[in-house]
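Computed from the coordinates by the stated procedures, all read-outs in this text should not be read as laboratory data. In this text the structure is predicted, and so the values were computed from the model without any measurement. Cβ atoms come from the backbone with ideal geometry, glycine included; neighbour counts cover every protein chain shown.
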Amino acid sequence: MKGKHKNLERYLDSVGKQVVNRAKGNLQKKKGGGTKLENSIKFKVVPDKKGFIIQFIMSPYGKFVDKGVSGTKKGRKYKDSKGQIVSSPYRFRGKQPPSRVLDKWIVRKGIAPRDKQGRFLSRKSISFLIARSIKIKGIQGISFFQKPFGLAMKTFGQGVAQAMAQDVADNIKNNKNKQ
């Protein structure tokens with residue numbers, strides 16, 4: 001950590017850890033533990049020209065799980081970081097999700113429906129039907145990231161101010177000790 005802003009960096013680091021841990025916890029509750037998305041959630045505090053930035057990183061499809069995707073016949077909503085219910089910015093248009101991405105999920109979930117004669121449907125048929133349903137109905141957002149981010153933002157300004165005040169005090173103390 002840099003000497004001039006160590007308290008601010010420490011505070012930003014704690015905010016990043018808090019948001020990531022809560023987001024992972026929310027995913028565990030909603031989707032079960034150990035998902036690829038859960039394992040991909042990270043953060044880093046990066047210095048820039050104006051100070052510092054907390055960058056949150058996750059698999060690209062995380063934004064769709066967080067905010068949902070509206071279907072062709074059903075709109076989807078999610079709770080944003082301020083706790084307001086808003087429409088998903090994402091929507092299925094012409095194409096449906098590729099059936100191949102559902103194949104492993106179907107096996108893992110043990111989905112094996114039968115037709116009217118009692119024969120098992122092929123996984124290819126099942127994945128096509130599920131993909132078509134997803135296109136029509138969309139994907140409900142679960143706000144796994146929005147909620148912890150909103151909680152962190154409620155006290156963020158006060159925490160930054162306290163950390164900066166402590167940095168200023170520490171820097172003045174260190175400058176007096178050097179003289």
Computed on alpha carbon atoms, what radius of gyration and Dmax characterise the chain, expressed in Å? 22.7, 91
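Under DSSP H, which helices of the chain have Cα atoms covering 20 Å or more of the helix axis and a Kyte-Doolittle average no less than 1.6? Don't jump to the answer; show the numbers that get you there.
Numbers: long enough: 6-31 (37 Å, -1.31); 123-137 (21 Å, 0.22); 146-178 (45 Å, -0.69).
Passing helices, by number: none.
At a threshold of 8 angstrom on Cα-Cα distance, excluding pairs fewer than six apart, so keeping six or more, what relative contact order does region 71-140 reach in percent? Present the calculation step by step, with values, prior to reporting the outcome.
Working: 80 pairs, mean separation 33.0, N = 70.
Computed over region 71-140, the figure is 47 percent.
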Set Lys and Arg Cβ to +1 and Asp and Glu Cβ to -1, take the dipole of the chain about its Cα centre, and tell me which of 62, 45, 166 lies farthest positive. 62
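Dividing the alpha-carbon Rg of region 71-140 by 2.2 N^0.38 Å yields what?
Values: Rg = 15.3 Å, N = 70, 2.2 N^0.38 = 11.1 Å.
After normalising by residue count via 2.2 N^0.38 Å, the value is 1.38.
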Under a GNM of the chain (C-alpha, springs under 10 Å), which listed residue has the highest mean-square fluctuation: 28, 55, 146? 55
The simple spin-label model distance between residue 105 and residue 74, using points 7 Å out along Cα→Cβ, in nm, is 1.4 nm
With Cβ to Cβ distances under 12 Å as the rule, what net charge do the other residues near residue 121 carry (K, R +1; D, E -1)? +4
Give me a comma-separated list of calculated 3J(HN,Hα) values for region 56-63, in order, Karplus coefficients 6.51, -1.76, 1.60 applied at θ = phi - 60°, integers in Hz, x for any Gly or Pro. 9, 10, 7, 3, x, 6, x, 5
Relative contact order of the chain, pairs being alpha-carbon contacts under 8 Å that are 6 or more residues apart, as %: 29 percent
Nearest-0.05 FRET efficiency for residue 136 and residue 53 at R0 = 41 Å, using Cβ-Cβ distance, is 0.55
Using just the helices of the chain, give the 222 nm mean residue ellipticity in deg cm²/dmol: DSSP H runs with n ≥ 4 each add -39,500 (n - 2.57), and the total is spread over all residues, rounded to 500. -17000 deg cm²/dmol
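In debye to the nearest 20, how big a dipole does region 71-140 give about its Cα centre with +1 on each Lys and Arg Cβ and -1 on each Asp and Glu Cβ?
Dipole about the Cα centre, nearest 20: 100 debye.
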Grab the beta carbon distance between residue 28 and residue 171, set R0 = 45 Å, and tell me the FRET efficiency rounded to 0.05. 0.65
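Report, in debye and to the nearest 20, how large the dipole of the chain comes out about its Cα centre when Lys and Arg carry +1 and Asp and Glu carry -1 on their Cβ. Intermediate results must be reported in sequence, preceding the final value.
Working: 43 positive and 10 negative charges, 182 e Å.
That gives a dipole near 880 debye.
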Go ahead and run the numbers for FRET between residue 42 and residue 81, Cβ-Cβ distance against an R0 of 22 Å, rounding to 0.05. 0.75
